Amino acid sequence: AKIQEDAMLNYGKLSYEIGNSYQPVPDVLSNFLEKYPNSEAKAEVESLLIDSYITAKNYAGALELLDKNKTANRAAYQKVTFYRGLELYTDGQYQQALSMFKKSIAEPRDSRFTARATFWKAETEYVLDNFNESLLDFKDFLASADAKATPEFKNIHYNIAYDYFKLKQYDQAGNSFQSFIDTNPSDKTRVH
């Protein structure tokens, strides 16, 4: 029995490292965990499984596993909740996306992901017509030390301007639109 467990463990590790053309890697690793739930290698296999879900962009599967194991890699949890939030946002499931972004922000392990989650939380709040919340979150994002290193930073003044516009604070909206134009003189963005 011990040899079978070791063989299945090594098969799972090898599948993770070099791929498996016969069976998806997450299935191989999940099968090991189902067959040997008390294995000494359980934590290692769970970590490989989470990584394989992330690699496969199966954030829902990774999140399910991370939610079951609250002591798991919290940095991975922050990343997975962020990417799952983006998926939900893209699918128009804004309330669920908002929940994911909040969870990502609540696990501040990587400041860049915290900044990005803050931006997307603000964007989601905007879509949900929560303009005051959106504006506060956009300002939090702008104040973040890592904001400039994110792809979201380019349009931050534009987004802030529209929040001000929706809040009928036209002077601030105009100032923010001007800040956007000053920092992006050749950008073609004109409609939000």
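Would you check if residue 148 is free of Cβ contacts under 8 Å to residues at least 60 places away in the same chain and touching a Lys or Arg at 6+ places or on another chain (Cβ under 7 Å)? Please lay out each step first, then the result.
Details: free of Cβ contacts under 8 Å to residues at least 60 places away in the same chain: yes; touching a Lys or Arg at 6+ places or on another chain (Cβ under 7 Å): no.
No; evaluated as a whole, the condition is false for this residue.
Answer with yes or no whether residue 53 is farther than 19 Å from residue 6 by Cα and free of Cβ contacts under 8 Å to residues at least 12 places away in the same chain.
Details: farther than 19 Å from residue 6 by Cα: yes; free of Cβ contacts under 8 Å to residues at least 12 places away in the same chain: no.
The answer is no for residue 53.
Does segment 37-56 contain at least one residue that is open to solvent by 30 Å² or more (accessible area, probe 1.4 Å), more than 30 Å from residue 115 (Cα to Cα) and not in a loop (DSSP other than H, G, I, E, B)?
Scanning segment 37-56, I find at least one residue that is open to solvent by 30 Å² or more (accessible area, probe 1.4 Å), more than 30 Å from residue 115 (Cα to Cα) and not in a loop (DSSP other than H, G, I, E, B), so the answer is yes.
Which of (1) touching a residue at least 12 places away in the same chain (Cβ under 8 Å); (2) within 16 Å of residue 98 (Cβ to Cβ) does residue 177 not meet, given it meets every other one?
Here residue 177 meets the rest and fails (2).
Output the number of residues of segment 59-84 satisfying the condition of being under 19 Å from residue 126 (Cα atoms) and either of a type in the set (Asp, Glu) or loosely packed, with under 13 Cβ neighbours inside 10 Å (or both).
Here the count works out to 0.
Is it the case that some residue within segment 150-160 is at pLDDT below 95 and farther than 25 Å from residue 84 by Cβ?
yes
Determine, yes or no, whether residue 10 is at pLDDT 90 or above, in a helix (DSSP H, G or I), touching a helix residue (DSSP H, G or I) at 6+ places or on another chain (Cβ under 9 Å) and surrounded by fewer than 19 Cβ atoms within 10 Å (Cβ to Cβ).
Details: at pLDDT 90 or above: yes; in a helix (DSSP H, G or I): yes; touching a helix residue (DSSP H, G or I) at 6+ places or on another chain (Cβ under 9 Å): no; surrounded by fewer than 19 Cβ atoms within 10 Å (Cβ to Cβ): yes.
The answer is no for residue 10.
Tell me, which helices (runs of 4 or more DSSP H) lie completely within segment 85-192 with 3 or more residues that are out of contact with any helix residue (DSSP H, G or I) (no Cβ under 7 Å at 6 or more places or on another chain) and either exposed (fewer than 15 other Cβ atoms within 10 Å of the Cβ) or of a type in the set (A, V, I, L, M, F, W, C) (or both)? Lay out the reasoning, then the answer.
Numbers: elements: 94-106, 111-127, 131-143, 156-166, 170-183.
In segment 85-192, the matching helices (runs of 4 or more DSSP H) lie at 131-143, 170-183.
Just to be sure, is residue 101 under 23 Å from residue 56 (Cα atoms) and of a type in the set (Phe, Trp, Tyr)? Working first, answer last.
Working: under 23 Å from residue 56 (Cα atoms): yes; of a type in the set (Phe, Trp, Tyr): yes.
Judged against the criteria, residue 101 is a match.
Looking at segment 13-23 only, could you name the residues that are farther than 24 Å from residue 38 by Cβ and either in contact (Cβ under 8 Å) with a residue 12 or more places away in the chain or open to solvent by less than 90 Å² (accessible area, probe 1.4 Å) (or both)?
Within segment 13-23, 19, 20 qualify.
The values are calculated or read from the model by the stated rules, or taken from the named source; none is laboratory data. Every value quoted in this text rests on a predicted model; they were computed, and no experiment measured them. All Cβ positions, even for glycine, are placed from backbone atoms using ideal geometry, and neighbour counts span all protein chains on display. Calculation scope for accessible area: heavy atoms of the full protein, side chains included, ligands and nucleic acids excluded. Shrake-Rupley method; radii C 1.70, N 1.55, O 1.52, S 1.80 Å.
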